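The values are calculated or read from the model by the stated rules, or taken from the named source; none is laboratory data. What you see is a predicted model, and the numbers here were worked out from it, not measured in a lab. Glycine also receives a Cβ, built like all others from the backbone with ideal geometry; neighbour counts cover every protein chain displayed. SASA here: full protein model, heavy atoms, side chains in, ligands and nucleic acids out. Shrake-Rupley method; radii C 1.70, N 1.55, O 1.52, S 1.80 Å.
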Amino acid sequence: MPLLITSDLDYLTARLHGRKSRLAEAARLDELCRLRSIAELGKEIFPGETFQTATALQRRLIANLITEMSENSAQLAAHESRFLAWNLTRFQIENLKILVRGFLNRTAIEELREQLLPLPTASELNAEEFLAAKTLEAFTDLLPHDSLQESFAKILKSHRDDRSPFFFEAALDRGYFQALIARLDSLASEDRELVAPLVSQEIDTFHLMLAVRGRFIHQLKPESLRPLHIAGTTIPRGLFEAMLGDSDLATISHRVIGRVIDSVPQASEPASLESLAWHRFLRLSNRAFRRSHIGFAAVIGYFGIRRIEISNLITLSEGIRLGLPADSIRARLIPRTRMEAADV
């Protein structure tokens with residue numbers, strides 16, 4: 001008899017609670033930081049499998065997350081499945097960013113294949129077709145979703161001759177986030193109450209890093225970044241424009257406390273701010289997972305936690321590859337064991 005797929009959230013969330021207890025967090029993460037080779041790390045995470053390179057292990061980690069999200073999406077009610085499925089589009093966006101860079105730099109497809117993430121068949125992109133596009137307008141027409149096409153086309157109007165991928169990658173993010181925040185309306189009110197802060201946090205991290213990296217790393221003018229704002233989060237347009245006009249990172253940091261970060265970074269640098277933003281994302285993910293318990297918000301909270309776990313494991317694998325000491329690796333993970341911030 002074929003296996004029947006159920007949409008029973010009680011059963012699904014019970015399984016996720018079991019999986020949560022086995023994630024690489026806390027003491028388990030500390031143990032993994034003490035490993036000294038990629039092969040050892042790979043065996044701990046995927047028993048019975050062998051990995052010779054950090055890249056191979058990282059691709060396996062991401063592929064495993066994509067598969068888990070896809071399988072769980074198929075077990076949900078229709079509106080919940082559509083919301084989780086759109087979260088999977090994030091991985092498609094990452095491949096599109098690689099293709100944008102390849103298109104702008106005229107990189108051969110052979111050089112890009114290993115960088116592309118393995119996607120489910122329904123989400124696969126025709127890389128050769130994107131790279132063969134004659135113009136950025138033609139590239140835009142190939143984008144797989146209306147929200148991505150609209151956002152990309154808007155940026156293209158003002159950056160047609162720009163060979164830097166910064167604005168085009170940001171346009172893809174913006175198109176994804178606009179569609180994600182619109183999908184909140186499809187959720188039940190009790191789920192939306194817990195999921196909306198997670199969505200807002202991710203978008204406002206995007207806003208924060210636009211202001212920080214755009215202004216202080218890429219030296220971009222505020223007027224060029226304003227069109228990338230996304231409405232409906234804890235950073236309204238007026239606040240975003242004020243951040244774009246700030247002359248230092250400390251001022252921006254104080255503007256977003258309680259919105260994107262929970263505390264002031266001790267070091268005024270982009271990496272510190274971004275770490276604090278993802279620390280808050282993890283806190284909100286755990287909150288959704290615990291408070292929803294057997295609701296759809298628990299599913300979204302769980303995959304928020306999983307995303308941080310994968311990010312940590314990728315950072316850990318890079319640290320091992322570079323031969324960094326365990327304490328140094330652990331200090332780079334989320335949550336920080338020595339969080340680089342002072343509570344306000």
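Taking only the alpha carbons of the chain, what extent do you get along each of the three principal axes, in Å, biggest first?
53, 52, 47 Å, listed from the longest principal axis down.
Tell me the mean residue ellipticity at 222 nm calculated for the chain from its helices only (DSSP H runs of n ≥ 4, each -39500 (n - 2.57), averaged over every residue, nearest 500).
About -20500 deg cm²/dmol.
On the protein heavy atoms, probe 1.4 angstrom, tell me the percent of accessible surface of segment 171-308 carried by carbon and sulfur.
The value for segment 171-308 is 50 percent carbon and sulfur by accessible area.
Need the full-extension length gain, I294 to R36, defined as separation in residues times 0.36 nm minus the C-alpha distance. One decimal, nm.
Length gained, I294 through R36: 89.0 nm.
Run the quick spin-label model on L184 and E68: label points 7 Å from Cα toward the beta carbon, then report their separation in nm to one decimal.
My value for the distance between the label points is 2.5 nm.
Using a 1.4 Å probe, what is the accessible area per residue for segment 178-237, in Å²?
Accessible area per residue: 42 Å².
Convert each backbone phi in segment 46-51 into a coupling constant with the Karplus relation 6.51 cos²θ - 1.76 cosθ + 1.60 (shift: θ = phi - 60°), then list the ³J(HN,Hα) values in order as whole Hz, x for Gly and Pro.
10, x, x, 10, 10, 10
Of all the accessible heavy-atom surface of segment 1-70, with the other protein chains kept in place and a 1.4 Å probe, what percent is carbon and sulfur?
Of all accessible area on segment 1-70, carbon and sulfur atoms account for 55 percent.
Which lysines, on any chain, are close to K97 with Cα under 23 Å apart, when same-chain ones fewer than 8 places away are left out?
Straight-distance partners of K97: K134, K154, K157, K221.
What are the semi-axes of the equivalent ellipsoid for segment 1-80, taken as the square roots of 5 times the Cα gyration tensor eigenvalues, largest first, in whole Å?
Over the Cα atoms of segment 1-80, the semi-axes work out to 30, 15, 11 Å.
Please build a GNM for the chain, connecting alpha carbons under 10 Å apart, and tell me which residue among A27, A171, A77 fluctuates the most.
A27
Which helices count as membrane-span-like in the chain under these terms: full DSSP H, at least 27 Å along the axis by C-alpha, Kyte-Doolittle mean of -0.5 or more?
For the chain, where a helix must reach 27 Å along its axis and average at least -0.5, the hits are 54-73, 78-105, 189-216, 296-321.
To the nearest 20 debye, what charge dipole does segment 102-253 have about its Cα centre, counting +1 at the Cβ of each Lys and Arg and -1 at the Cβ of each Asp and Glu?
540
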